[in-house]
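The values are calculated or read from the model by the stated rules, or taken from the named source; none is laboratory data. The structure displayed is predicted, hence computed values, not measured ones. For neighbour counting, all protein chains shown are included, and Cβ atoms are generated from backbone atoms with ideal geometry for every residue, glycine included. Each accessible area value is taken on the protein alone, full model and side chains, heavy atoms only, with ligands, DNA and RNA left out. Shrake-Rupley method; radii C 1.70, N 1.55, O 1.52, S 1.80 Å.
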Amino acid sequence: MTCWRKATRSLGFSCRPVVQGDNFPLDRDEVLIFHPHGFLPRRTYTRDYSNDPIVLSEDDYHELYAAPYSWANVIQLNLLISFNVLFLGCSLTDPNLRRLLDLGKKVRAPHHFAIMRNPDFQLDDGNISAARKQPRWYKELTSFQKHIETENLKDRGITAIWYEEHSEVSKKLGGIA
């Protein structure tokens, strides 16, 4: 079972993936998970996803980026304009997504959220205790990095919610609702 399925089920929601060509009635009590770059299911669904396009290569991505009226771009922009969005597990460095966020902000003042891992704790070896022992200049540098990214996201209508350890994410999610 995929992570998002486990997470939504543990919260008592049913969810389903949405890809290009799917109908998605908004009157149903389901969490819709949009997959603008395609979907590789881990389990069998009633719908066959095997012939759907998937963005895997840089060339695929550039083709999508160059097509402003593609389903992926239109659906993302529509969602960014129509709803408050939670970004979870997304670095928000994708230039196409940043472009869509900027476009959406011109239409509607958004209020989106992003759960982001604190840069102080993004070491190559993942050793959190080693991060706490870093010299002061390192801590100041990563604090500055966090400040810049927070302001950059704020300019795009996104409130950054920082965490240090993955175990904190569920508590942070509870604070949004």
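A few notes on this one:
- Within the stretch 26-79, the set of residues being among the hydroxyl-bearing types (S, T, Y), touching a helix residue (DSSP H, G or I) at 6+ places or on another chain (Cβ under 7 Å) and assigned to a helix (DSSP H, G or I) comprises Y65 only.
- Listed by first and then second residue, the pairs with beta-carbon distance under 6 Å, at least 6 apart or on different chains, first residue in the stretch 12-37 and open to solvent by 40 Å² or more (accessible area, probe 1.4 Å), second modelled with pLDDT under 80 and part of a loop (DSSP other than H, G, I, E, B), are V31/F13.
- Scanning the stretch 38-49 for residues that are among the charged types (D, E, K, R) and either surrounded by 13 or more Cβ atoms within 10 Å (Cβ to Cβ) or in contact (Cβ under 8 Å) with a residue 60 or more places away in the chain (or both) turns up just one, R47.
- From L56, L80, L64, residue being open to solvent by 60 Å² or more (accessible area, probe 1.4 Å) and in contact with a His (Cβ under 9 Å, 6 or more places away or on another chain): L56
- Scanning the stretch 50-109 for residues that are over 19 Å from G38 (Cβ atoms), among the β-branched types (V, I, T) and touching a residue at least 12 places away in the same chain (Cβ under 8 Å) returns I81, V85, V107.
- Of the residues making up the stretch 85-106, those that are loosely packed, with under 13 Cβ neighbours inside 10 Å and more than 13 Å from R156 (Cβ to Cβ) are G89, S91.
- So K171, is it surrounded by fewer than 15 Cβ atoms within 10 Å (Cβ to Cβ), modelled with pLDDT under 90 and more than 15 Å from P119 (Cβ to Cβ): yes
- Top-ranked residue in the stretch 132-166 [being in a helix (DSSP H, G or I), at pLDDT 85 or above and not charged (D, E, K, R); ranked as least open to solvent (accessible area, probe 1.4 Å)]: L153
- Qualifying residue in the stretch 1-22 (condition: part of a loop (DSSP other than H, G, I, E, B), more than 28 Å from E165 (Cβ to Cβ) and among the aromatic types (F, W, Y)): no
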